[in-house]
Amino acid sequence: MKANNTTAAAQGREVAALDEHADGGEIQSVRARPIPRISIQAFCETNETAEAMQVAADDRRLAKAHVSVHMGGAHAAVGHYQESPTPNLIVIESMMGRGDILGELDKLAEFCDAGTKVVVIGHVNDVVLYRELLKRGVSEYLIAPIGPMQLMESISNLYNDPESDPVGHVYAFIGAKGGAGSSTVCHNVSWCLSELLKTNVVIADLDLAFGTAGLDFNQDPVQGIMEALGSPERLDEVLLDRLLTKCSEHLSIFAAPGTLDRDYDLTADSCDIVIDVVRQNVPHVTVDLPHIWTGWSKRILTQADQIVITVEPDLANLRNAKNMVDMLKLARSNDAVPHLVINMLGTPKRPEIPIKDFEAALDLKATAVIEFDSETFGQAANNGQMIEELSAKAKSVQGFRDIAMAVTGRRETKVEKKSGLAPFLERLKLKR
């Protein structure tokens, strides 16, 4: 069992920690970070805990971990590890009292390999037990009943320092149909993120043959994302800085080659490695996915923190969007539903599905509706500018801002305009 270095400050928080876990409610937290390639074995006593563990095992945050769930609690764990090596993490549920739990853990400690961590899920809210478990090297004590999100956050905190800077968030943008304008939405939202939050944003353009990130930002980079994908094991902070193209103070692009002189056959693992390195160095990563369906594009989509699906209001877009939404709801049961962007509404002479009908069919409310405006969008594309740079008063500007705030879970702070009489009125208030 791993030696525990619990500080006095951490022990001082023990009562609050027990109280937090004692209510049995599901903690809907976004603080759980992706968990590395570790082996986790859980020994449960109740079906509820086993089900919660299985739901957590199927979540995208544990996609790299190998998880197995067994019944029998601490007694079964002791018997199992008498003949088998211990994994990176053991999760044990126990319904026993203080003395019996400690006795079983003392037996388990005889068979634990160095470096193995242990999380105990108990049914007793006991501070003395909590202290004794910490002394024995137990990493965490949780009070049942426990939900999948609480489990994931506890495991995540064992392998990611909760006090350190958070791992960057990944936002995947995809069109329900080719030509829906997903890249334009991705690039404008990314620009808004960098300007509104004043924080670093990287656009990863994965439409390798036909990507437009370089064109949209009036850049012609010599190197880009293909160099990283070609040798992902070489990518580090220094090489990343060389391959990124800086477009503004806070926005950089990982540009696609945009040429047809080679084939672009990617693997899901290479994409994982590259995106992981970027998110370790940048708070916000927007991924511009092409309208294709491959192993790597599906994995990026299902592993992203937030997803934005851009559609046009016609039947083909509706069918494709419905298929995507249904698949994502099944694959990401512990995540928010995708954000829906209805683009190019009101295209002349084109029959369209009404917005309410589109939303009802998908069971999604549109995050933004962007009206057809060929003149503004065409001029911005030709100039290598974002819409707000070209015309701050364009109708679509607020839509892009709304999407940026939605994916980050924030609200835009709007400055109230003061009248010319404001200084005079304030002086009157002071006199009173």
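Nothing in this text is a laboratory measurement; each read-out follows from the coordinates by a stated rule. Predicted model, so just to flag it, every value in this text is computed and none were measured. No Cβ is skipped: glycine too gets one built from the backbone with ideal geometry, and neighbour counts run over all protein chains shown.
Send over the Kirkwood Rh of segment 169-408, from the inverse of the averaged 1/r over different Cα pairs, rounded to one decimal Å.
This gives a value of 18.0 Å.
Would you work out which of Cys271, Leu301, Leu364 lies farthest towards the positive end of the dipole of segment 256-392, given +1 charges on the beta-carbon of Lys and Arg and -1 on that of Asp and Glu, about the Cα centre?
The Cα lying farthest towards the positive end belongs to Leu364.
Between segment 196-217 and segment 345-372, what is the separation of their alpha carbon centroids in Å?
So the separation of the two Cα centres works out to 26 Å.
Cut-off is 10 Å between beta-carbons; in what order do Ile143, Ile225 appear when sorted fewest neighbours first?
Ile143, Ile225
Roughly how big is the chain's charge dipole about its Cα centre, with Cβ charges of +1 (Lys, Arg) and -1 (Asp, Glu), in debye to the nearest 20?
In debye, rounded to 20, the chain gives about 1500.
Counting other C-beta atoms within 10 Å, and keeping those with at most 12, which DSSP coil trypsin sites (Lys or Arg not before Pro) do you find in segment 276-374?
For trypsin sites (Lys or Arg not before Pro) across segment 276-374 that sit outside H, G, I, E and B with at most 12 neighbouring Cβ atoms in 10 Å, the list reads Lys349, Lys365.
Spelling out what I want: for every residue of segment 299-305, take phi, set θ = phi - 60°, compute 6.51 cos²θ - 1.76 cosθ + 1.60 (Karplus), and round to whole Hz; glycine and proline get x.
5, 4, 5, 6, 8, 5, 6
Could you grab the relative contact order for the chain? Cα pairs under 8 Å, six or more apart, rounded to a whole percent.
15 percent
Once amide H atoms are built 1.01 Å from N in the peptide plane, which residues 5 or more positions from Val287, or in another chain, come under 5 Å H to H?
Tyr171, Ala172, Phe173, Ala204
Filter Lys246/Lys395; Lys298/Lys329; Lys177/Lys322; Lys298/Lys322; Lys198/Lys395; Lys365/Lys395 down to the pairs with a C-alpha to C-alpha distance above 21 Å, please.
Long pairs (Cα-Cα over 21 Å): Lys246/Lys395; Lys198/Lys395.
Per Stokes-Einstein, at 20 °C and 1.002 mPa s, what whole-number D in µm² s⁻¹ belongs to segment 287-327, with the Kirkwood radius over Cα pairs as the hydrodynamic radius?
193 µm²/s
What is the calculated FRET efficiency for Asp113 to Arg410, with r their C-beta to C-beta distance and R₀ = 56 Å, to the nearest 0.05?
Using R0 = 56 Å, I get an efficiency of 0.80.
In terms of modelled amide H atoms, which long-range or inter-chain residues lie less than 5 Å from the amide H of Leu142?
Here the answer is Val120, Ile121, Gly122, since their amide H atoms fall under 5 Å of that of Leu142.
Mind giving me the nanometre distance, one decimal, between the label points for Lys365 and Arg98, set 7 Å out from Cα along Cα→Cβ?
Going from the Lys365 label point to the Arg98 one covers 5.0 nm.
Classify the chain: rounded, prolate or oblate, from the alpha-carbon gyration tensor (a ≥ b ≥ c, eigenvalue square roots; a/c under 1.5 rounded; otherwise prolate if a/b is larger than b/c)?
prolate
If you line up the long axis of helix 422-431 against the longest principal axis of the chain, both from Cα atoms, how many degrees apart are they, to the nearest 10?
50 degrees
Taking only Cα atoms, what is the 0 to 90° angle, nearest 10, from helix 396-408's long axis to the longest principal axis of the chain?
Around 10 degrees separate the two axes.
What list of whole percents do you get for P(r) of segment 296-399, with Cα-Cα distances grouped in 5 Å bins up to the one holding the largest distance?
Pairs per bin, as whole percents: 2, 11, 20, 19, 17, 15, 11, 4, 0.
Taking the Cα atoms only, what angle lies between the long axis of helix 374-383 and the longest principal axis of the chain, rounded to 10 degrees?
80 degrees
Please order Trp296, Trp191 by the number of other Cβ within 10 Å, starting at the fewest. Walk me through the numbers before you get to the answer.
Working: Trp296 19, Trp191 26.
Result, fewest neighbours first: Trp296, Trp191.
Give me the distance in nm between label points sitting 7 Å out from Cα along the Cα-to-Cβ direction at Thr46 and Lys198, one decimal.
In this crude spin-label approximation the distance works out to 4.8 nm.
Could you tell me what fraction of 2.2 N^0.38 Å the Cα radius of gyration of segment 124-231 comes to, as a two-decimal ratio?
Cα Rg divided by the expected 2.2 N^0.38 Å: 1.71.
Given only helices, namely DSSP H runs of n ≥ 4 each adding -39500 (n - 2.57), what is the per-residue ellipticity at 222 nm of the chain, to the nearest 500 deg cm²/dmol?
-12500 deg cm²/dmol
Non-local amide H neighbours of Ala63 (under 5 Å, H modeled in plane, Pro and chain starts lacking H): which ones?
Ile35
Most fluctuating residue of Asp59, Asp263, Asp402 in a GNM of the chain with Cα springs under 10 Å: which is it?
Most flexible of the set in this elastic network: Asp263.
Would you mind ranking His187, His250, His70 by Cβ crowding within 10 Å, fewest neighbours first?
In order of increasing Cβ crowding within 10 Å: His70, His250, His187.
Note down the nm distance, to one decimal, between modelled labels 7 Å out along Cα→Cβ at Lys356 and at Glu233.
5.9 nm
Which residue, Ser194, Val325, Met386, has the largest displacement toward the positive end of the dipole of segment 169-408 when charges sit on each Cβ (Lys, Arg +1; Asp, Glu -1)?
Checking the options against the dipole of segment 169-408, the answer is Val325.
For the chain, what proportion of DSSP beta bridges, expressed in % and rounded to the nearest 5, is antiparallel?
5 percent
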